[in-house]
Each structure stands twice: as structure tokens, then as C-alpha cells.
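For reference, the structure is listed below as C-alpha cells.
Read the figures in this text as sums done on the coordinates, not as results from a lab. Keep in mind the model is a prediction, meaning the values are calculated, not measured. So basically every Cβ, Gly included, is an ideal-geometry build from the backbone, and we count neighbours across all protein chains shown.
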């Protein structure tokens, strides 16, 4: 008797089945089928990793440095990160026991969450926020609890809004500033308010500061440098955006030794250690990359001003992002939702942006445009967006 084969879907973990697919990746599947597209979508520097950084990786391979490093990572790299955090932000971490080198900052917040959460523990997170935060919480068996933010206050996270959403199951707050997708930053007073909420309610804070060096106005404040926060903060950073090293997959987390050791246990059994050659490249980035960082920062700032001014001229209001390399314009004047706007802009004018709703419900009515593309590309994109908006007023 002929039998129907079983559906493979029934073997998939129920908890994984609840994890949403990335709104960014689904959208960019369409992009690959269309010619002559100007992409303002993918959050990746258009720079090539600087030569001294590439050379350091090559030399490490030629010198036979092809074995595992410590599970915590290359000690010289941990020392360099520790020194940089002290120099830039006045916060101190022991490179022996309080810093873990990871395969990108995404692995850092993944292992942080998996080392913290028990089934059903709640994690508060700004909405909109980076698309990987919610899946990482769900895959760690936690409950993702969005905290709405608004263009009215430049998408900053407000302490009162956080406090109102705390329950007896809330364990952690996960946020990233400067922010992806909005480019928002947090003032010191904002962070002090968040710190007070964390202290009062005994929360762990996972502070994703991947874009810290890409701050254009004012000074970035490291969250763990605020009084009382070091002992309850897992600080996350990396090399992808600051040094144009997205493909190298090197990040790090810094935390008090009990928290760092717990995260390292997950890292140890899943990853063992970050790629050795990439760690040597990251070390060279800290040692020799500062002039490149400053050059890139000035160039991004020029593109930022072009993008914001151009969108305003078109009739799409956008607050002035003070960090990262994204702008989050309001597309509601067109009468379209963010998905429709993005799809039609792509098919009609060959410009790719990301629907704001991909980053959370508070992102509806907005789109994310990345200005890590070249200046001339941005000028061309703005011309096309202008035509599109003029037709759809």
C-alpha cells in the first residue's frame, strides 16, 4: 500500500517554529531579481577592510597561527579591548576573566541571553530595534517584551516606559544605542533613568554598543560606566562597523566574571573560539586603525547630512540621527504603509530600503535607509525617491 511521506515540518522544534523570519532577508530576496538597483538597505560599510588589518591576518596564517585560541579568545586582543574601554570610557574590565571574544556581536548577545534566561523569563527591548533581538530571546526560551519608542522623542528609550512594562518575570533589558534601525542615541540623563529602573527592579542590562564609535554629535556614554551599572551590565561590541570588518565575524562581550564565565560556557560548547586569523586582524584594527576610523566617520557624517537634507527636501521628514549609519524617514505623507512603500519604490524606481515594520510595530510608517553607500549613489537614490514621492502625493 502506497504511503505518503511524513512532512519534515513535524520534526522542527516548536519553540523555533515560533521565531519569525527576518523581514530584511525576505525583502532582499526580491532585490536579487531586479537590475540597476541602488541599495540603501543592507547595513554594511562600502569600505574594504584597511590593508594593515588584512595583512595582520595573512601574517598570522603564514606564521602558523592556525590553532584554537583560549575559549575566552586571544589574550592580546582581550588586553587591547580592555585598554581601549578604559581609555575611551573610563570603564575597567579584567582581560583574564571579564572579556570573551565572540564570532560577531550577534553571537555575543545570543550567548548572553542563553546564559541568563530560564523558560519564560521576560526581556524588555525598545521597539523598533535590531531584527535579531527578538529571535535571540525566543531561541533562549525567553519572552520578548517590546517597549514602544516614538519619533516624537527621536526614538530614545524612556525610563518611565520601561518601568511600566516590568512584571515579576522581567529579568533583563536588551538595547542597542546608537540604534539600528533609527540612528538614535541616548543622552546621559536618559541612561541614568534607565540605570535607576534597572537598580530598583534588579534587572540585568545587555547593552549592545556595536556602533559606539560611529557617533557624530556629542560623546558616546558606555552604559556600564554609569554608577552602579558595571555589576549588572553585559557590554557588547565588535569590529564589523567601526573597521569595515563585517565578513571577519569578530565581536566581544565584557561583564563581571560570573556573567562572562556563564556566557563563555555557551560559547565554548557551540563555537569553541572565534576564528584565529580574524582575531589577529581585530587586534591590528585596535592597534593601527584609528586614523581609518576618523576618516570613515567624517565621510559618513557628510553622507548623513546629504541624506537627511535630501529627504526633507523631498517631503519625507526625518529626525537627525546622531549615530550609526541609518536614517529613519517618515513615509506616512505618501499614504502608504512601510511595506507597500518599500516594495513599490524598489519595483518602480529601483531603490531598496527596508520597511520600518520589519523592526517592530512602532516602526510602521517609517523605512530604514542606510547611508553606508557612496555619496554619488545616495544622490542618485534621492533623485529617484523624489520622483516616486512626487507621483504619490
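What to note about this one:
- Two-site FRET efficiency, residue 54 against residue 343, from Cβ-Cβ distance with R₀ of 45 Å, rounded to 0.05: 0.75
- Across 107, 379, 134, mean-square fluctuation computed from a Gaussian network of the chain (C-alpha pairs under 10 Å connected) peaks at 379.
- DSSP beta bridge pairing in the chain, given as percent antiparallel to the nearest 5: 40 percent
- Computed E for residue 94/residue 272 - FRET, C-beta separation, R0 22 angstrom, nearest 0.05: 0.50
- The mean sequence distance of close C-alpha pairs (under 8 Å, at least 6 residues apart), as a share of the length of segment 67-288, puts its relative contact order at 29 percent.
- Förster radius 51 Å - calculated FRET efficiency between residue 168 and residue 313 (Cβ-Cβ, nearest 0.05): 0.55
- Cβ crowding within 10 Å, taken as a proxy for footprinting-reagent exposure, orders 164, 196 from fewest neighbours to most as 164, 196.
- Extents of the chain, taken as max minus min of Cα coordinates on every principal axis and listed largest first, are 62, 60, 59 Å.
- Taken as Cα centroids, segment 261-302 and segment 112-137 sit 23 Å apart, rounded to the nearest whole angstrom.
- Residues 305, 14 arranged by fewest to most Cβ contacts within 10 Å: 14, 305
- Beta bridge orientation in segment 67-288: antiparallel %, DSSP, nearest 5: 30 percent
- Short-range pairs are left out: with C-alpha atoms under 8 Å and at least six residues apart, the relative contact order of segment 64-143 is 25 percent.
- Each of residue 246 and residue 288 was given a label point 7 Å from its Cα along the Cα-to-Cβ line. The distance between the two points is 2.4 nm.
- Segment 325-374 versus segment 160-203: alpha-carbon centroid distance in Å: 26 Å
- Residues 306, 116, sorted so that the one with the fewest Cβ neighbours within 10 Å comes first: 306, 116
- Taking every C-alpha pair closer than 8 Å and separated by at least 6 residues, the mean separation divided by the residue count of the chain gives a relative contact order of 24 percent.
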